[in-house]
1. Work out how much length residue 26 to residue 195 would gain on full extension: take 0.36 nm times their residue separation and subtract the Cα-Cα distance, in nm to one decimal.
2. Mind giving me the FRET efficiency for residue 18 and residue 108? R0 is 30 Å, r the Cβ-Cβ distance, nearest 0.05 is fine.
3. Considering only DSSP beta bridges with both partners in region 42-227, what is the antiparallel share in %, to the nearest 5?
Amino acid sequence: MTKDFDPRPAHARPADPTGRVPPGQRVTEKFPVLTAGTPRITPKEEWTFTVDGLVGTPLSFDWASFNALPMQEFTVDIHCVTRWSKLDTVWRGVSLDTLFEAAGVPPRAKYLQAHADGEYSSNLKLEDLISGQAFVALDFDGKPLTQEHGGPARLVVPKLYFWKSAKWLRGLTLAEWDVKGFWERLGYHNYGDPWREQRYRGVDDVVATKTPSDGLAKRIREERLKKT
């Protein structure tokens, strides 16, 4: 047992003095793999990616054309709802700002649903994704992103719990209204702020509004499945 070992559970330890680790989290050097099951992952030769919904110009990419977009390297801390945090993770990918600029996002677009293989999805506020806050990652730690960590491409939104960063990403749908994602429908918090420990649905949760955009997301998903 090392001198730095703390036997108390994460939620019972004092706040991190550096200010980088949210309450209830424990820093790890590993990269744990947690999922509800691995769907059939689309190989790069068949992979496509779309930006649609409430945009001026819907976008569609294959693997080659997506890789031709401007790439950036990002170093961020990530925090999992299961209480681990990993600091200074290094990714390479496309900023969502690049995609939004190309698609043209009107002011009334306030929400986004990320779609992934296996009909996984996550719902997010657009304000949490702009100005360099989120990106589609293709590489991790200098290497192509592996399937177990969401490759060939995954969403990365560092400011929220990591389930919001959908693995096996295939598309982004913008809308005027919020539509719950896979984990949110199963009881996870609709927002997922690690600094407020918004792990599961509770009294501070905001219920996603049921609106015609639910039908929009469903129609887009059905059309996407027809093409696969």
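1. Details: separation 169, 0.36 × 169 = 60.84 nm, distance 1.32 nm.
Additional length available on full extension: 59.5 nm.
2. Working: r = 40 Å, r/R0 = 1.32.
The value I calculate is 0.15.
3. Numbers: 33 of 37 bridges.
Given both bridge residues lie in region 42-227, the antiparallel proportion sits at roughly 90 percent.
Each reported figure results from applying straightforward, stated rules to the coordinates on display, with no laboratory input. Quantities reported herein were computed from a predicted structural model and do not represent experimental measurements. Here the Cβ is made from the backbone with ideal geometry for all residues, glycine too, and neighbour counts use every protein chain on show.
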